[in-house]
Amino acid sequence: MLPIRDIHERLGSVTGVDCEREDVERAVEEMERAGHLVSVRGKRYSLLEFTPYASGRIRVFPDGDASVPSSDPDTTGYHVSRRSLKGAMNGDLVLLVVDRKKKPREVRGRQLIDAEVSRILQRAHRTVVGRFHLDERPWVTPFDARLDSDIRIPPDSTMNARDGEMVNVEIERYASQNADASGRVVEVLGMIGDPGVDIEVVIRKHGIPHQFPDDVLREAESIPSEISVGEIAGRVDLREHMIITIDGETAKDFDDAVEVERLDNGNYQLGVHIADVSHYVTEGSLLDREAIERGTSVYFPGRAVPMLPERLSNGICSLNPRVDRLTFSAVLEIDPKGRVLNRKMFRSVIRTRERMTYTEVNGILTDGDRELKNRYSEVLGALERMHELYEILRKRRTARGSIDFDLPSADVLLGEQGEIESIIASQRNVAHRLIEEFMLAANEAVARELVLAAQPGIFRVHQQPDSRKLEDLKSILAEFKVPLRGDIEEIRPGELQSVLNKVAGTPESLFLTELVLRSMKRAFYADESLGHFALALEHYCHFTSPIRRYPDLIVHRRLGELLADGPLHGDRLAKVEARHAGAALQSSERERRAEEAEREVMEWKKVVFMRDKVGLEFDGRITGVMPFGLFIELDEIFVQGMVPVATIGGDFWAFAEREHRLRGDQSGREFRLGDPVRILVASIDEDKRQIEFLLVSTGGVPVAKRERETGRRKR
């Protein structure tokens, strides 16, 4: 434990640098706020590892208890009871006091040490979104269930919000053990159920920046909307090439375009041309700082929150048809066995011939649609070559054991007023797969270019699955007579793909595919190339979407520097490497935030869509069996709900764990994965985004329903 005076003196003697005491004080204060140091015995400071303290971001669970991860590799984390939070909210950086003599105990399947909050170092929430309650003393209930403290609102700070409306509140006083939180309403968002309110609520709940600052917009407006002759100089001119974009029907930003040619030697030449965003968004600019803060674009049904202002994302950076655009090109020579023989990367200028959709390309390549063929006769030859190369690349990827998850996702179709017209399962067709293969090839090629030149970059990493999770997966698969072969410790992705191939088309396919997916680790960004397990690739990065992903923009910059000046070295290399670690970590966090927000909105949309269907019957299939009930996916609508086991009458239902079935104790009747059922929509809960079904029949045989009024009999 050292006072500031001693830290200042020792720092100078060790480093040989004459530091100002004020600078040392400022650095120590910052380290204390970040949870690296703690002040004890007045103004004496110590590293946390030598004290009974620990720090970390707190995660609050729905029951009010919380956990904090540990930076100590020998400790899995800490458990904080609700009464020990002392006003801390979900996401806050806290200082914990820990009884290190205590042994860890199992909490939610993890070994955690009991601790209590000593101090709140950084608040995660300046604002909170929630439902407004009009009363003599108005208050707001946070929408996020993990924030369980109501916020009092002075009567003159309500912005005339109506009872039940969703509002955004700026916190002026945080909750403590003795007092509620208080604040003022800064935005009135509207009533839950009104079109678009769900998205506005989720954006604010997750703290997603959704408005560009004025100075950022001014900087974007200063960028010309057309390309000058000077900007084209020094670039490879590809404007006469047969280059097209293939995207979704509603896409507005086009950051990738493709072409395929046959060479005289029988090989294919794949050209992947990506918007040169780095030409416009320069390092350290206002646009750049805003982009790294956002990290990624976020896509909701009918609404996008872009990483870059529209003037760039839908304008000069978007590869719109038949206009000149600056690009970064990766051109690969690929032989008929799918091997990349040569690769070239360079800055270019292109002019795409057509803006095509996945549906149109699939209609031509799969359905042979004569009308579409006539409309796009100029690019038919190019599409046929693309299809040939796609088949070659797909076979090679399959041969190396790459995993291909093909789970359907929900596609929400909106009306003119933003109302939900239908929710359907979106399926990938040959056009989606074609573009995916080409992007994978380009991403791998660029990663190899950076690694072989010892150039720093941001890489996409997917690590080997945890062996314990694989052991659990193996035991479950065995129950379904599906073997998981190979050494669990060193399993290859091809073994997991083999499992997916075996279960495809079976009643339990969706259930087991999701289990395989959950057994794997999450992909993330890193400043080192550590390989991509699922793709079975040694080197991989993201290069193909710089309009909507910040790591791609960094990769463009590093590739541009490599091509212009050779590999970085000296001070410039040290500075870049120092920034990359933080940028990779933040990009991974922003990606997770976007995914959680997108998933939450989608679940909310499904619940809202089912609001007027309570009391109606639908056909569906059992996609999950648990001790507490059955998960059902409807046939007509891509919506899932649950049948609580307590609502199924006629027998006492026991969960057969090994077979994942519910079995009647007396009748011997079973509910199994994949069974066809007919259900009645019993209720919806918009706040929890849950849908409850009642079972009407299974396999055409009626199922008795237990009346709720009589209470649910406990087993």
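Checking each residue in region 355-368 for being open to solvent by less than 60 Å² (accessible area, probe 1.4 Å) and farther than 28 Å from Ile316 by Cα picks out Asn362, Gly363, Ile364, Leu365, Gly368. Scanning region 318-354 for residues that are within 16 Å of Val379 (Cα to Cα), part of a strand (DSSP E or B) and open to solvent by 50 Å² or more (accessible area, probe 1.4 Å) yields a single hit, Arg351. Every listed requirement among (1) surrounded by 21 or more Cβ atoms within 10 Å (Cβ to Cβ); (2) within 29 Å of the chain's Cα centre (by Cα); (3) farther than 26 Å from Ala564 by Cα is met by Val260 save one, (2). Comparison of Gly207, Gly248 shows that the only residue that is surrounded by fewer than 20 Cβ atoms within 10 Å (Cβ to Cβ), within 28 Å of the chain's Cα centre (by Cα) and within 30 Å of Met166 (Cα to Cα) is Gly207. Of the residues making up region 281-290, one or more are modelled with pLDDT of 95 or more, under 22 Å from Arg572 (Cβ atoms), assigned to a loop (DSSP other than H, G, I, E, B) and among the aliphatic types (A, V, I, L, M). Within region 541-552, at least one residue is buried (at least 17 other Cβ atoms within 10 Å of the Cβ), of a type in the set (A, V, I, L, M), in contact (Cβ under 8 Å) with a residue 40 or more places away in the chain and touching a helix residue (DSSP H, G or I) at 6+ places or on another chain (Cβ under 6 Å). Of note, Leu535 satisfies the criterion of being under 30 Å from Val305 (Cβ atoms) and under 26 Å from the mean Cα position of the chain (by Cα). Among the candidates Leu372, Leu393, single out the residue that is without any contact (Cβ under 8 Å) to a residue 40 or more places away in the chain and either touching an Asp or Glu at 6+ places or on another chain (Cβ under 6 Å) or assigned to a strand (DSSP E or B) (or both). The unique qualifying residue is Leu372.
Quick check: is even one residue across region 410-425 within 26 Å of Arg492 (Cβ to Cβ) and at pLDDT 85 or above? Checked region 410-425: no residue is within 26 Å of Arg492 (Cβ to Cβ) and at pLDDT 85 or above.
Among the residues of region 246-260, none qualifies, meaning not one is among the hydroxyl-bearing types (Ser, Thr, Tyr), over 30 Å from His580 (Cβ atoms) and assigned to a strand (DSSP E or B). Total residues in region 586-612 satisfying the condition of being basic (Lys, Arg), touching a helix residue (DSSP H, G or I) at 6+ places or on another chain (Cβ under 8 Å) and either more than 26 Å from Ile192 (Cβ to Cβ) or open to solvent by 20 Å² or more (accessible area, probe 1.4 Å) (or both): the figure is 1. Condition (residue is part of a helix (DSSP H, G or I), open to solvent by less than 40 Å² (accessible area, probe 1.4 Å) and not polar (S, T, N, Q)) applied to region 613-629: is it met by at least one residue? Yes - at least one qualifying residue is present in region 613-629. Taking every residue in region 564-588 that is over 16 Å from Ser278 (Cβ atoms) and pairing it with any residue that is hydroxyl-bearing (Ser, Thr, Tyr), at least 6 positions away or on another chain, the pairs with Cβ-Cβ distances below 8 Å are Ala584/Tyr525; Leu585/Tyr525; Ser588/Tyr525.
The values are calculated or read from the model by the stated rules, or taken from the named source; none is laboratory data. This one's a predicted model, so the numbers in the text were calculated from it and none came from an experiment. So basically every Cβ, Gly included, is an ideal-geometry build from the backbone, and we count neighbours across all protein chains shown. Just the protein is used for accessible areas: all its heavy atoms, side chains included, with ligands, DNA and RNA removed. Shrake-Rupley method; radii C 1.70, N 1.55, O 1.52, S 1.80 Å.
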